[in-house]
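Engineer: Below are the structure tokens for one structure; questions will follow.
The values are calculated or read from the model by the stated rules, or taken from the named source; none is laboratory data. Everything numeric in this text was worked out from a predicted model, so none of it was measured. Positions of Cβ are generated from backbone atoms using ideal geometry, with glycine treated the same way; all protein chains shown enter the neighbour counts.
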Amino acid sequence: MKPIQVGLLGIGTVGRGTFEVLTRNQEEIQRRAGRTIQISMVADLDVERARAIVGNQAQVVADARQVIANPDIDIVIELIGGYGIARQLVIEAIAAGKHVVTANKALLAVHGTEIFAAARAKGVMVAFEAAVAGGIPIIKALREGLTANRIQWLAGIINGTTNFILSEMRDKGLPFDDVLQQAQALGYAEADPTFDIEGIDAAHKATIMSAIAFGIPVQFDKAHVEGISKLQAADIRYAEQLGYRIKLLGIAKRVATGIELRVHPCLVPAKRLIANVEGAMNAVMVQADAVGTTLYYGKGAGSEPTASAVIADLVDITRLHTADPLNRVPHLAFQPDSLSNWPVLPMDQVVTSYYLRLRVADQAGVLADVTGMLARSGISIEAVLQRAADAGENQTDLIILTHDCVEDHMNQAMAQMQALPSVLAPIIRLRKEDLS
Ligand code: HSE
């Protein structure tokens with residue numbers, strides 16, 4: 001059978017990895033796919049660099065539209081990134097009847113509904129294993145491996161840059177800014193690291209997973225997003241003393257009133273496996289009714305780990321492209337006419353537990369005032385830690401862990417506590433998940 005022809009848009013780190021792994025493992029991949037998969041055309045603005053990578057094995061052009069216009073190309077891989085030109089090219093590739101493989105989580109989290117509808121209308125596949133957690137086959141697991149289950153929640157460390165920063169802050173007791181510089185020097189964080197450190201990249205990935213886990217549309221605009229840029233080393237230390245690690249988690253949870261979709265720093269019991277995922281590694285924990293808890297761990301970024309996911313999609317499409325589109329695995333796991341309109345809940349309706357740090361005057365009655373306010377808001381305390389004031393100081397840190405409560409109640413209690421004259425600085429509030 002003649003090779004399936006692939007056009008690659010963008011041959012940066014992941015594109016290069018895809019080309020190299022496909023070349024290196026060509027025979028093994030062919031034995032699985034039943035056909036040779038050949039990248040026969042590459043589009044990149046840096047034509048010289050692209051030629052240096054692919055040699056004479058593929059035609060190199062500067063204009064991506066030449067790839068899309070080539071009738072011999074069956075699959076287009078989009079590795080340009082972002083919502084701008086990448087969106088346009090994906091829409092054009094679909095309109096030209098090409099199957100699309102993309103690693104672009106931002107594009108799918110924001111424009112997925114439009115893109116999947118266009119693909120359905122044209123009878124083509126859009127595959128995106130590489131968009132979430134790099135080399136970990138989490139899309140495959142959620143969409144196919146767990147298909148018997150009613151998924152209850154998932155929680156993931158899905159941004160390696162921030163996990164590296166948090167690991168270093170904890171290990172070395174360093175402040176956020178110092179570790180961020182180190183992450184940039186090591187090439188983990190982008191020169192503009194906003195998407196990573198402000199939780200946006202993780203929220204794109206959590207949005208995609210929420211859609212596949214619960215059969216809802218992708219709704220990035222409804223996600224609650226908080227990053228780690230304001231996290232202080234002191235809170236990592238206190239959390240440690242209380243038996244917790246702080247991780248940036250992407251959480252999607254099905255509750256009676258709707259879906260929680262949120263990314264924020266979170267205390268996780270140190271004894272959980274996921275709390276021990278260190279450095280730039282990723283992990284996703286999934287709780288489902290039949291299988292129970294499963295955990296997926298691996299490299300969430302990098303040239304060949306991400307290429308591994310891109311090529312898995314190429315093999316899937318090679319196997320399935322002649323199948324009736326109605327018999328293929330739906331893009332978002334659920335049949336498109338069976339997507340649910342469960343609401344994504346606003347953050348003030350989310351139920352979770354909390355870590356609070358209050359800088360307070362070290363005087364009689366402060367603890368009683370604070371705990372009284374929590375009690376009047378119906379918030380039950382799980383643990384309290386008070387550091388002895390240093391000699392000569394008349395103020396100290398009061399750390400409180402709570403049981404679950406509605407975030408709205410916590411907001412009200414915090415506003416009252418903040419107004420106390422004995423509370424001397426803005427209250428630090430972090431959320432806590434037991435993941436049990
Ligand atoms: N910037 C991401 C991370 C990798 O740090 O995990 C690509 O999504």
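Engineer: Quickly run through region 378-431 and pick out the residues that are among the small types (Gly, Ala, Ser) and within 17 Å of Met347 (Cα to Cα).
Structural biologist: If we filter region 378-431 for residues that are among the small types (Gly, Ala, Ser), which is where we start, we get 378, 380, 383, 388-389, 391-392, 413, 415, 419, 422, 425.
Scanning region 378-431 gives Ala413, Ala415.
Engineer: Residues in region 151-174 that are within 13 Å of the ligand (Cβ to nearest atom) and surrounded by 21 or more Cβ atoms within 10 Å (Cβ to Cβ): how many? Please lay out each step first, then the result.
Structural biologist: Keep residues of region 151-174 that are within 13 Å of the ligand (Cβ to nearest atom), which gives 156-167.
Now drop any that are not surrounded by 21 or more Cβ atoms within 10 Å (Cβ to Cβ), which leaves 156-166.
Adding up the residues that qualify gives 11.
Results for (1) outside any helix (DSSP H, G or I); (2) closer than 20 Å to Met125 by Cα; (3) in contact (Cβ under 8 Å) with a residue 60 or more places away in the chain, shown as yes or no for each residue.
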{"position": "Ile11", "(1), (2), (3)": "yes, no, yes"}
{"position": "Gly15", "(1), (2), (3)": "no, yes, yes"}
{"position": "Gln38", "(1), (2), (3)": "yes, yes, no"}
{"position": "Leu45", "(1), (2), (3)": "yes, no, no"}
{"position": "Ala50", "(1), (2), (3)": "no, no, no"}
{"position": "Ile53", "(1), (2), (3)": "no, no, no"}
{"position": "Val60", "(1), (2), (3)": "yes, no, no"}
{"position": "Gln66", "(1), (2), (3)": "no, no, no"}
{"position": "Asp72", "(1), (2), (3)": "yes, yes, yes"}
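Engineer: A further question follows. So if I check each of Ala131, Ala185, which one is on the phi < 0 side of the Ramachandran plot and more than 11 Å from the ligand (Cβ to nearest atom)?
Structural biologist: On the way: Ala131 fails: more than 11 Å from the ligand (Cβ to nearest atom).
Within the list Ala131, Ala185, the selection yields Ala185.
Engineer: Sticking with this one: Would you mention how many residues in region 179-220 are of a type outside the set (A, V, I, L, M), under 15 Å from the mean Cα position of the chain (by Cα) and under 23 Å from Arg143 (Cβ atoms)?
Structural biologist: Qualifying residue count, region 179-220: 7.
Engineer: Please list, ordered by first then second residue, the pairs with beta carbon atoms under 7 Å, 6 or more apart or interchain, first in region 296-312 and under 12 Å from Leu22 (Cα atoms) and of a type in the set (D, E, K, R), second outside any loop (DSSP other than H, G, I, E, B) and within 14 Å of the ligand (Cβ to nearest atom).
Structural biologist: Sorted first by the residue in region 296-312, then by its partner, the pairs are Glu304/Gly17.
Engineer: Taking region 107-129 only, how many residues are touching a Ser or Thr at 6+ places or on another chain (Cβ under 8 Å) and more than 17 Å from Tyr83 (Cβ to Cβ)?
Structural biologist: Matching residues across region 107-129 total 1.
Condition check ((1) more than 16 Å from the ligand (Cβ to nearest atom); (2) modelled with pLDDT under 95; (3) surrounded by fewer than 22 Cβ atoms within 10 Å (Cβ to Cβ)) across all residues:
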site	(1), (2), (3)
Lys222	yes, no, yes
Lys253	yes, no, no
Pro265	no, no, no
Ala288	yes, no, yes
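Engineer: Then there is this: Quick check: is even one residue across region 194-202 surrounded by fewer than 24 Cβ atoms within 10 Å (Cβ to Cβ), without any contact (Cβ under 8 Å) to a residue 12 or more places away in the chain and either outside the structural domain of Glu168 (by TED's automatic domain parsing) or under 22 Å from Gly134 (Cβ atoms) (or both)?
Structural biologist: yes
Engineer: Answer with yes or no whether Asp177 is within 19 Å of Gly81 (Cβ to Cβ) and either within 12 Å of the ligand (Cβ to nearest atom) or surrounded by fewer than 24 Cβ atoms within 10 Å (Cβ to Cβ) (or both).
Structural biologist: Taking the combined requirement at face value, the residue does not satisfy it.
Engineer: Now a separate question. Here are the criteria: (1) touching a residue at least 12 places away in the same chain (Cβ under 8 Å); (2) more than 29 Å from the chain's Cα centre (by Cα); (3) surrounded by fewer than 22 Cβ atoms within 10 Å (Cβ to Cβ). Tell me which single one Glu27 does not satisfy.
Structural biologist: That leaves (1) as the condition not met.
Engineer: Can you tell me which residue within region 87-111, out of those that are in contact (Cβ under 8 Å) with a residue 60 or more places away in the chain and closer than 23 Å to Ala202 by Cα, is nearest to the ligand (Cβ to nearest atom)?
Structural biologist: Among those residues, the one meeting the criterion is Lys105.
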